[in-house]
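Scroll down for the structure; my scribbles are underneath it.
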Amino acid sequence: MMTLHENTDCPPSSVSVTRQRFTREVIAGLGAERKTLSPKWLYDRAGSALFDSICELPEYYVTRAELSIVERKRGEIAATWGPRVRVVEPGAGSGTKTRLFLGELGAARCSSYVPMDIAREHLAMTAVRMRSELPWLHIVPICADFTLELPLPPSDDNARNVVYFPGSTIGNFEPPEAEQLLTHFRVAAGMGGLIVLGIDLRKEPSRIHAAYNDAAGVTAAFNKNVLVRMNRELHGNIDVDSFSHYAFYEPRKGCIEMHLVSRKRQTISVAGRSFSFAEGESIRTECSYKYDLPSAERLAHKAGLTLVDAWIDDERTFAVLELQAA
């Protein structure tokens with residue numbers, strides 16, 4: 001049985017560091033002229049579970065489209081990775097799609113799997129489940145904020161690094177930040193390494209809008225969970241019901257934004273600080289850029305990467321890209 005303390009590179013001190021970062025970023029974000037929080041703070045244990053539920057919603061096409069590619073093309077994709085690889089997954093979540101690739105590689109080709117996530121408990125659960133399903137797999141889970149660091153353990157078997165970043169998470173970053181992140185991945189992958197990247201493609205705006213405004217209200221609960229988290233971890237006094245979930249798509253930018261909108265004039269307290277809201281004032285909690293292949297290739301090029309191959313689902317809603325250092 002894998003225990004969190006013994007097998008996850010996330011000692012108690014790192015939990016304290018994460019709490020400190022959360023505090024700093026919340027104070028800075030709520031104190032800004034346009035209030036903003038990073039979407040990474042949506043993912044504590046409860047938030048990660050809610051996102052897993054979102055992936056199963058009828059309106060949320062992203063996971064189904066990506067899974068259709070991975071299920072049909074995993075052999076073809078993995079064949080390009082070489083005879084021996086180490087799979088690194090920043091923001092691993094539940095690792096559902098990665099499980100298919102790992103099974104395709106098998107013990108002969110997969111040196112190790114390095115899942116990385118900021119949600120410590122969810123990461124440990126994923127590692128335990130993966131070990132149960134793939135008992136031959138060497139798992140090195142790392143609790144870290146991959147936007148700040150990618151602390152890969154040393155490898156002594158000359159395995160090729162494959163940084164797998166599925167789920168269109170790259171869209172959560174403004175283009176300059178996305179370029180910086182891909183540069184970070186390129187450096188971490190090292191000489192001859194690969195980045196396998198999921199991107200959500202541009203499409204009919206109404207379909208994108210529906211994916212972020214589901215009828216069951218799961219996305220709304222996911223969005224509001226960051227307020228619950230601030231109350232619990234940062235001694236907040238926020239009336240969660242005084243904020244509404246709001247998401248809209250801007251076709252010219254190719255970006256959807258998620259906000260928490262104050263339903264009244266109010267002052268909240270978080271981490272010993274007070275923050276005032278006018279009625280209708282919002283906190284932007286997430287952006288999600290949608291790409292086409294030319295714009296994705298331009299982004300990769302700016303990060304020193306070249307597009308090796310691309311796989312697209314039948315409805316042309318999603319793409320899996322393979323990138324290598326230029």
What is the residue count in the range 46-79 for residues that are closer than 22 Å to Ile139 by Cα and either polar (S, T, N, Q) or part of a loop (DSSP other than H, G, I, E, B) (or both)? 1
Could you tell me which of the residues Ala108, Ala49 is of a type in the set (A, V, I, L, M), surrounded by fewer than 19 Cβ atoms within 10 Å (Cβ to Cβ) and within 16 Å of the chain's Cα centre (by Cα)? Ala49
Going through the range 247-270 in order, the residues found to be over 26 Å from the mean Cα position of the chain (by Cα) and aliphatic (A, V, I, L, M) are Ile268
Taking Gly280, is it within 25 Å of Thr18 (Cα to Cα) and at pLDDT 95 or above? no
If we keep just the residues of the range 80-105 that are assigned to a strand (DSSP E or B) and not hydrophobic (A, V, I, L, M, F, W, C), which is nearest to the chain's Cα centre (by Cα)? Pro90
Check on Ala108, in a helix (DSSP H, G or I), over 30 Å from Asn213 (Cα atoms) and among the aliphatic types (A, V, I, L, M): yes
Before we move on, is Met125 open to solvent by less than 10 Å² (accessible area, probe 1.4 Å), on the phi < 0 side of the Ramachandran plot and not hydroxyl-bearing (Ser, Thr, Tyr)? no
Subset of the range 174-225 that is among the acidic types (Asp, Glu) and more than 30 Å from Pro151 (Cα to Cα) - its residue that is nearest to the chain's Cα centre (by Cα): Asp214
Could you please tell me which pairs satisfy a Cβ distance under 6 Å, a separation of 6+ or placement on different chains, a first residue in the range 21-38 that is of a type in the set (Val, Ile, Thr), and a second residue that is surrounded by 16 or more Cβ atoms within 10 Å (Cβ to Cβ) and part of a helix (DSSP H, G or I)? Thr36/Gly29
Taking only pairs six or more apart or across chains, which ones have beta-carbon atoms under 9 Å, a first residue in the range 101-126 that is more than 14 Å from Tyr164 (Cβ to Cβ), and a second residue that is among the hydrophobic types (A, V, I, L, M, F, W, C) and open to solvent by 60 Å² or more (accessible area, probe 1.4 Å)? Gly106/Trp136; Ala107/Trp136
Residue count for the range 276-326, restricted to those that are exposed (fewer than 15 other Cβ atoms within 10 Å of the Cβ) and among the β-branched types (Val, Ile, Thr): 2
Go through the range 1-44 and give me each residue that's touching an Asp or Glu at 6+ places or on another chain (Cβ under 9 Å), of a type in the set (Lys, Arg) and either at pLDDT below 90 or over 30 Å from Asp200 (Cα atoms) (or both). Arg19
Please work out which residue is nearest to Thr285 (Cα to Cα), limiting yourself to the range 15-46 and to residues that are among the acidic types (Asp, Glu) and surrounded by 15 or more Cβ atoms within 10 Å (Cβ to Cβ). Glu25
So how many residues does the range 127-151 have that are touching a helix residue (DSSP H, G or I) at 6+ places or on another chain (Cβ under 8 Å), assigned to a helix (DSSP H, G or I) and in contact (Cβ under 8 Å) with a residue 60 or more places away in the chain? 1
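The values are calculated or read from the model by the stated rules, or taken from the named source; none is laboratory data. What you are looking at is a predicted structure, and each value in this text was computed from that prediction instead of being measured. Note that each Cβ is placed from the backbone with ideal geometry, even for glycine, and that neighbours are counted across all protein chains shown. With ligands, DNA and RNA removed, areas are computed over all heavy atoms of the protein, side chains included. Shrake-Rupley method; radii C 1.70, N 1.55, O 1.52, S 1.80 Å.
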